[in-house]
1. Suppose R0 equals 41 Å; then what is the FRET efficiency for residue 24 and residue 243 from their Cβ-Cβ distance, rounded to the nearest 0.05?
2. Taking 37 °C and 0.692 mPa s as the conditions, I'd like the Stokes-Einstein D for segment 178-247 in µm²/s, using the Kirkwood hydrodynamic radius from alpha carbon pairs.
3. Which one, 228, 164, 187, is farthest towards the positive end of the dipole of segment 147-257 when Lys and Arg carry +1 and Asp and Glu -1 on their Cβ?
4. Mind listing P(r) for segment 20-88? All alpha-carbon pairs, 5 Å bins, whole percents.
5. For residue 147 and residue 39 in the same chain, what is the full-extension length gain: residue separation times 0.36 nm, less their Cα-Cα distance, in nm?
6. In the structure shown, do any of 114/158; 236/293; 244/293 have a Cα-Cα gap over 18 Å, and if so which?
7. If you stretched the chain out fully between residue 32 and residue 97, how much longer would it get, using 0.36 nm times the residue separation minus the C-alpha to C-alpha distance?
8. If I model a spin label at residue 223 and residue 46 as a point 7 Å from the Cα along the Cα→Cβ vector, what separation in nanometres do I get?
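The values are calculated or read from the model by the stated rules, or taken from the named source; none is laboratory data. Nothing here was measured: the structure is a model prediction, and the numbers come from that model. Because the Cβ atoms are built from the backbone with ideal geometry, glycine has one as well, and the counts that use them run over all protein chains shown. Note: areas computed on protein heavy atoms with side chains; ligands, DNA, RNA excluded. Shrake-Rupley method; radii C 1.70, N 1.55, O 1.52, S 1.80 Å.
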Amino acid sequence: MYTQHQKRQKTYGGRQTPVTDSYEFFPGVTRVEYRPGASAEDSLCFRHYNPSERVHGRTMEEWFRPAVSYWHAFSYQGLDRYGMPAFIRPWDEAPNSLEACKRRVRAAFEFFSKLGVRYWTVFDRDLTPEGYTLEESFQQLDEVIDLVQELQQRTGIKPLWFGCNLFSHPRYANGAATNPDAHVAAYAAAQCKKAFDIAMKLGAENFLLWGAREGYHNPMVADLPREMRNYAKFLKIVADYKDKHGFRGNLLIRPGPHRESRFYNSEHRYESEDCDTFGRYDYDAMSTLCLLKHHGLERQFKLHVYPGRDHLFASAMGYLGCIEYESYHEEYFGDFRYNGETTVMMKNFIDQVSLT
């Protein structure tokens with residue numbers, strides 16, 4: 001059994017930047033505007049994306065609903081499997097302190113505002129680190145959420161989705177909903193309830209679940225039907241909680257953690273750091289849809305997918321909820337050889353009348 005009582009993670013010392021409401025993390029940077037005739041040297045502008053331009057009766061902003069990932073843009077510190085964090089940012093002085101978490105949130109909302117987006121995406125554990133107890137984790141999260149709510153009211157920016165991180169902490173090494181330890185499954189349920197309550201408080205458009213650890217390492221010691229039933233039961237509890245509290249957004253489930261880089265090219269030139277070392281119950285879009293349909297949950301969820309086959313299948317079946325674009329997908333928008341794939345993606349948006 002995994003126990004909560006472990007040594008606290010050390011915080012890094014150092015001078016902390018005093019932050020007030022008027023403090024700027026990106027001084028000299030104004031709001032990014034649409035300028036189709038900008039020169040090559042002018043990089044802080046949109047040359048093709050015009051949020052207010054109408055296409056088929058809707059603005060570009062309404063079709064795409066772009067959102068900034070909080071983890072990718074602010075929480076991630078440049079750490080990889082080969083070394084220590086490499087990003088040095090003014091808001092990350094003493095990165096594990098509560099004050100640093102608040103500075104990071106302020107920096108993020110300044111960034112969102114200057115970029116001109118209306119949405120952001122975030123997991124609960126992206127905002128504050130794990131506490132010594134569940135209660136402490138909730139208290140820290142509540143304190144930062146109060147600041148987030150204040151900044152949202154000031155800027156009009158809100159979460160496209162709010163998610164529950166049930167995969168990063170060592171307690172979830174053997175899964176959350178499918179963990180053989182009932183204490184871990186109960187802990188995951190409590191954390192998920194708290195995250196859902198925050199999603200409703202912040203006015204999130206969707207709630208995301210990513211079962212990154214829901215699977216088996218060795219089928220010889222796993223009861224697959226039982227574990228899949230447990231996973232489906234967990235998803236049903238979340239769906240029932242949504243209906244009970246009248247949450248009008250969508251429930252998103254994210255297949256993975258495999259990555260795709262092509263529609264049709266079998267030469268996968270990206271070696272994923274998240275390659276599966278165990279069997280996933282929601283490995284891709286098709287297996288996830290199979291799981292949902294088998295347990296009668298297909299009307300409760302839509303899919304959060306990457307560009308490629310997953311987004312194509314999800315759209316074809318009417319379950320496309322959100323597309324996550326990362327730097328290694330840049331060929332879709334930066335290489336003329338893949339204009340066909342990009343066109344299909346854009347057509348999917350129109351066929352499904354935008355995304356969630």
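1. Working from the Cβ atoms, E equals 0.40.
2. Value of D from the Cα-based Kirkwood radius: 246 µm²/s.
3. Of the candidates, 164 comes out farthest on the positive side.
4. Going from the shortest bin to the longest, the percentages are 3, 12, 12, 16, 18, 16, 13, 7, 3, 1.
5. So the chain would gain 35.0 nm between residue 147 and residue 39.
6. The pairs that break the limit, which is 18 Å between Cα atoms, are 244/293.
7. 20.3 nm
8. Result: 5.3 nm between the two label points.
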